[in-house]
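Trainee: Quick one: this structure, given as structure tokens, is what I'll be asking you about.
The values are calculated or read from the model by the stated rules, or taken from the named source; none is laboratory data. Computed from a predicted structure; not experimentally measured. As a convention, Cβ positions derive from the backbone with ideal geometry for all residues, glycine included, and neighbour counts pool all protein chains shown. Only protein heavy atoms, including side chains, enter the accessible area calculation; ligands, DNA and RNA are left aside. Shrake-Rupley method; radii C 1.70, N 1.55, O 1.52, S 1.80 Å.
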Amino acid sequence: TGLTPQWTDCDCAVSPNVGKYPEHYWCDSVRVPLRMAISAAWHCDERALHQATLLASFFGQHKPNQLQSGYSIQGQPLNIKDTENACTGKCFVVTAAAAFVVGSKDATKRAEFWAEAAKPPGPDQSCYFCDVLRMLSLMFAAGLMHEPLVNLEVPNPVPNPNMVFAAVQTPAETASRVAAVQGPRAAITTTSTTLHALPHAKGPYACGTQLVANGTAFVMQEYARWKQSYLAEYNGALCVIRPIGDISGNAKFPRDCVSEGVGYGMLLAAYLGDRPTLDGLWRFSQSFLNNHGLMSWQVQPGQSKAVIGDGAATDADEDIAMALIVASERWGVEYWTLAKKQIDLVWRREVDSDDGTLKPGDSWGNCKTIDPSYFSPAWYKVFGAATGRKADWNRVSDSGFRLLSKCNSRNGGTGLTPQWTDCDCAVSPNVGKYPEHYWCDSVRVPLRMAISAAWHCDERALHQATLLASFFGQHKPNQLQSGYSIQGQPLNIKDTENACTGKCFVVTAAAAFVVGSKDATKRAEFWAEAAKPPGPDQSCYFCDVLRMLSLMFAAGLMHEPLVNLEVPNPVPNPNMVFAAVQTPAETASRVAAVQGPRAAITTTSTTLHALPHAKGPYACGTQLVANGTAFVMQEYARWKQSYLAEYNGALCVIRPIGDISGNAKFPRDCVSEGVGYGMLLAAYLGDRPTLDGLWRFSQSFLNNHGLMSWQVQPGQSKAVIGDGAATDADEDIAMALIVASERWGVEYWTLAKKQIDLVWRREVDSDDGTLKPGDSWGNCKTIDPSYFSPAWYKVFGAATGRKADWNRVSDSGFRLLSKCNSRNGGTGLTPQW
């Protein structure tokens, strides 16, 4: 059967008197299918693959909704009805589903077990243990649990090219208790200055090199600050406000919202995985549509006459369309449909179809009124692919680049462009302030050119970005002026309304250095200046949001979305970097209710790979669903609401009062295995506040061996109930720290290696590699097979340079499973002990 007892001895012959039903496949044992499936998926270990295949075969003989609560290891149902220190029948389904990732090609069974595991837990009785195992199993089965890559030759693990970063939506109920829990911040280091003249696969961009190698955590921190400052809720939707007194606003219309802010905000939210914010901004845009179906460019919500400017703004509308395409890569076809509709509206209302000239809005503009900063050639290449109208959108790009070439013939090679001009870049119309100069509108040009050069290696965009980087590189970044003639003479404009701060000129200039310069010193200087927080003197919504977009791009977090008209969804992008969103407490309450269309979930191909492959997230096997990310995120948010609790600035995973897996003597206790499981979820799903909070909790209750006490009841006079450590928890914590180090830096790497060393010294019998159940007890007569995690040990060996030692632990565990299989009649089931 492949079934294993909960507890047993080294020969899988005699189960010790530990817990309940130690000789049977019961609550502890259900972890075995998941741990075996991960080992088989990551390393194609034939022994793990065999065990997972036995288990999938056994469970596949049953309908998933008819699995029993416990089996003998020979597969006879036990129908245990215990309601304390027990588990629900859901436990047996959710981890069984994991075995089908690698152990079965049966499409029907794979779909059935996913569907049953995906059903929410029943309302009758909570089961912390089953719920967290369900989350881990769903995450693995959806392909979101990659193997971390490590390399001892460098201080950080090697970035994993196959890493999938899922997007976290922190629910309102937990945000307040996680917002203050911050861990070590990832150091930011500048990358190699090598620039790539041809497309390459060595980084996030086809050409150029991001300015920093590990800026994700910093960008997330700044994004949270930006949202606190500028995001506001109106009638269940969200807008990006221009605060009272904002330099880029107008005193007549305090706290107004402009459509460009919605577009910028949606781009940030889509790329940084913040679906509630994206959906909230989209809803706001749809609440103020004009008669062409595009958002009115200026709105003052809450006023009797909310719409101030009814016409649409082209830059906003095209940015909204691009954000929807990026969202469709992550969350499904609904956004894809919305994106194509938005692109069509931009084409019909804001492009001159005769010559490809981009008009400034849907109701005005021609060849005499052009804003060069609206020109987004990177977008147009994607729009053409998305709509099957490549030739049309190429004409828009060609028209824009012709205009820039004419401007370059007038600007003396600076690359600077006027805010407003005509088709010949000769005469500026009377629009706004300083239309003939490189001022506030113009600062968007370096960023839009750099993205085009980075994504598509367009020589025209690369030329423009190089000119701009050369001009700005002649100055210290902190000495850039507020405005220039297009020939490069400083204007030193001091306007304080409908204007912008000097910061605007630095932040977008930095973007040009991604593709336009090899000068390592200048690249580092412009990143450092852009990374400085905005000054406190006067807010500038416009500069702050452009700073966020520029930082995101310069940190390598702004990939090109891939699209394919032959399938209803865009093709998943193998180079996509999903950054982790930490929703601050101040904004969580206003975004929690803003939900958009849910991604449909479809089962994947049933082809299994007997040898390593690069066609999916795992080396062997195939995830059960192709696009389950949004669903997993939704369930993760629910799980956190149910089980995450704050104690003294740290977080733990509680077993609620009456929980079937708990003990009535110790209500709302926290066990170390929950900390380990929670840290794995948080690390893989990009939720750094939760990971750090759980880690802090573990470090608050260390025993004399430096490992977390296995059972704690925080808030009680005697908080520590069980002082000994639990091996499964300690090894899961170590693995979570390794995954975290891939994303957030070397601090976690250092912590991980220390944790692995403690597990080795305290919880492994170094003579024969037997895994003990804890740091202070256990031997060859007291083994829990569900603690055995061979996938972890291969990574631990690579991380510590002790591959032979950790291979012995794996070999010892697989010998035990082989002995159990000689007793279980081929079910694959194992005893608890």
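Trainee: Between the helical axis of 31-43 and the dominant principal axis of the chain, each derived from Cα atoms, what acute angle in degrees is found, rounded to the nearest 10?
Mentor: The two axes meet at around 50 degrees.
Trainee: Taking every Cα atom in the chain, find the radius of gyration and the maximum pairwise distance Dmax, and write them in Å.
Mentor: 28.5, 91
Trainee: Do any trypsin sites (Lys or Arg not before Pro) in segment 246-286 lie in a DSSP loop with no more than 12 other beta carbon atoms within 10 Å, and if so, which?
Mentor: Sites meeting the loop and neighbour criteria: LYS252.
Trainee: I'd like the orientation of helix 314-331 relative to the chain: the angle between its Cα long axis and the longest Cα principal axis, in ° from 0 to 90, rounded to 10.
Mentor: 10
Trainee: Next up: About its Cα centre, how strong a charge dipole does the chain have in debye, to the nearest 20, once Lys and Arg get +1 and Asp and Glu get -1 at the Cβ?
Mentor: So the dipole magnitude of the chain works out to roughly 120 debye.
Trainee: For the pair ASN430/GLN487, report the inter-label distance in nm, with labels modelled 7 Å from Cα in the Cβ direction.
Mentor: The two pseudo-label positions are separated by 2.5 nm.
Trainee: Could you give the length gained by full extension between ASP757 and ASP723, i.e. 0.36 nm per residue of separation minus their alpha carbon distance, to one decimal place?
Mentor: My answer for the length gained is 10.3 nm.
Trainee: Roll a 1.4 Å probe over the protein heavy atoms and report the accessible area of SER399 in Å², nearest 10.
Mentor: Surface accessible to solvent at SER399 totals approximately 20 Å².
Trainee: Could you compute how much accessible surface LYS381 exposes when probed at 1.4 Å, giving the result in Å² to the nearest 10?
Mentor: Rounded to the nearest 10, that gives 110 Å².
Trainee: In addition: Rounded to the nearest 500, what is the chain's calculated 222 nm mean residue ellipticity when only DSSP H runs of at least 4 contribute -39500 (n - 2.57) each, over all residues?
Mentor: It comes out at -14000 deg cm²/dmol, rounded to the nearest 500.
Trainee: Further, regarding this structure: Please work out the FRET efficiency for the pair ARG668 and ASN17, using the Cβ-Cβ distance as r and a Förster radius of 30 Å; give the result to the nearest 0.05.
Mentor: Once the sixth-power term is evaluated, E becomes 0.55.
Trainee: Which Cys residues of the chain have no other Cys Cβ less than 4.7 Å away and so no disulfide-compatible partner by this rule?
Mentor: Cysteines lacking a close Cβ partner in the chain: none.
Trainee: Quick one: which of 466-476, 5-15 comes out on top by average Cβ neighbours within 10 Å, and what's the full order, highest first?
Mentor: 5-15, 466-476
Trainee: Taking only C-alpha pairs under 8 Å that are 6+ residues apart, what is the relative contact order of the chain in percent?
Mentor: The normalised contact order for the chain reaches 23 percent.
Trainee: Give me the percent of the accessible area of the chain that comes from carbon and sulfur atoms, probe 1.4 Å, all protein chains in place.
Mentor: Accessible surface attributable to carbon and sulfur in the chain totals 51 percent.
Trainee: Please compute the modelled spin-label separation between ARG410 and ASN648, points set 7 Å along Cα→Cβ, answer in nm with one decimal.
Mentor: Calculated label separation equals 6.8 nm.
Trainee: Report the FRET efficiency, 1/(1 + (r/R0)^6), for ASP495 and TRP364, where r is their Cβ-Cβ distance and R0 is 22 Å, rounded to 0.05.
Mentor: Given R0 = 22 Å and the Cβ-Cβ separation, E is 0.35.
Trainee: Give, as a single signed number, the net charge of other residues whose beta carbon lies under 12 Å from the beta carbon of LYS63, with Lys and Arg counted +1 and Asp and Glu -1.
Mentor: Neighbour charge sum, excluding LYS63 itself: -1.
Trainee: Quick one: which residues, 5+ away or cross-chain, put their amide H under 5 Å from the amide H of SER363? H built at 1.01 Å from N.
Mentor: HN-HN under 5 Å from SER363: ALA312.
Trainee: Something else about it: Out of residues 5 or more away from TYR647 or on other chains, whose amide H comes under 5 Å of its own, with H placed 1.01 Å from N in the peptide plane?
Mentor: The list, which skips near neighbours in sequence, is CYS652.
Trainee: Okay, next question. Keeping all protein chains in place and using 1.4 angstrom, which order do ASP732, ASP106 fall into by accessible surface area, from largest down?
Mentor: Order by accessible area, largest first: ASP106, ASP732.
Trainee: I need the phi-derived Karplus couplings for segment 99-109: 6.51 cos²θ - 1.76 cosθ + 1.60, θ = phi - 60°, integer Hz, Gly and Pro marked x.
Mentor: Each residue of segment 99-109 in turn: 4, 6, 4, 10, x, 7, 9, 6, 4, 5, 5 Hz.
Trainee: Quick check on segment 353-468: take the gyration tensor over C-alpha atoms, sort the square-rooted eigenvalues as a ≥ b ≥ c, and tell me if it's rounded (a/c under 1.5), prolate or oblate.
Mentor: Oblate is the answer for segment 353-468, as a/c is 1.5 or above yet b/c matches or exceeds a/b.
Trainee: So, with +1 on the Cβ of K and R and -1 on the Cβ of D and E, and no other charges, what is the size of the charge dipole of segment 51-144 about its Cα centre, to the nearest 20 debye?
Mentor: 280
Trainee: Please compute the per residue accessible area over the chain with all protein chains in place, 1.4 Å probe, rounded to a whole number of Å².
Mentor: 34
Trainee: Where a Cα-Cα gap under 26 Å defines reach, which lysines qualify for LYS665, not counting those fewer than 8 residues away within the same chain?
Mentor: Straight-distance partners of LYS665: LYS20, LYS81, LYS90, LYS640, LYS718.
Trainee: Counting GluC sites (Glu not before Pro) as exposed when in a DSSP loop with at most 10 other beta carbons within 10 Å, what is the longest stretch of the chain free of them?
Mentor: Longest gap between qualifying sites, sites excluded: 154-565.
Trainee: Using R₀ = 60 Å, calculate the FRET efficiency as 1/(1 + (r/R₀)^6) where r is the Cβ-Cβ separation of ASN779 and ASN235; round to 0.05.
Mentor: 0.40
Trainee: Separate question: Determine the gain in length on full extension of the stretch ASN394-GLN228; use 0.36 nm per residue of separation and subtract their C-alpha separation, reporting nm with one decimal.
Mentor: So the extension gain works out to 55.9 nm.
Trainee: Helix 46-59 against the longest principal axis of the chain: what's the angle in degrees, Cα atoms only, rounded to the nearest 10?
Mentor: It is inclined by approximately 80 degrees.
Trainee: Accessible area of SER766, 1.4 Å probe, to the nearest 10 Å²?
Mentor: Accessible area of SER766: about 60 Å².
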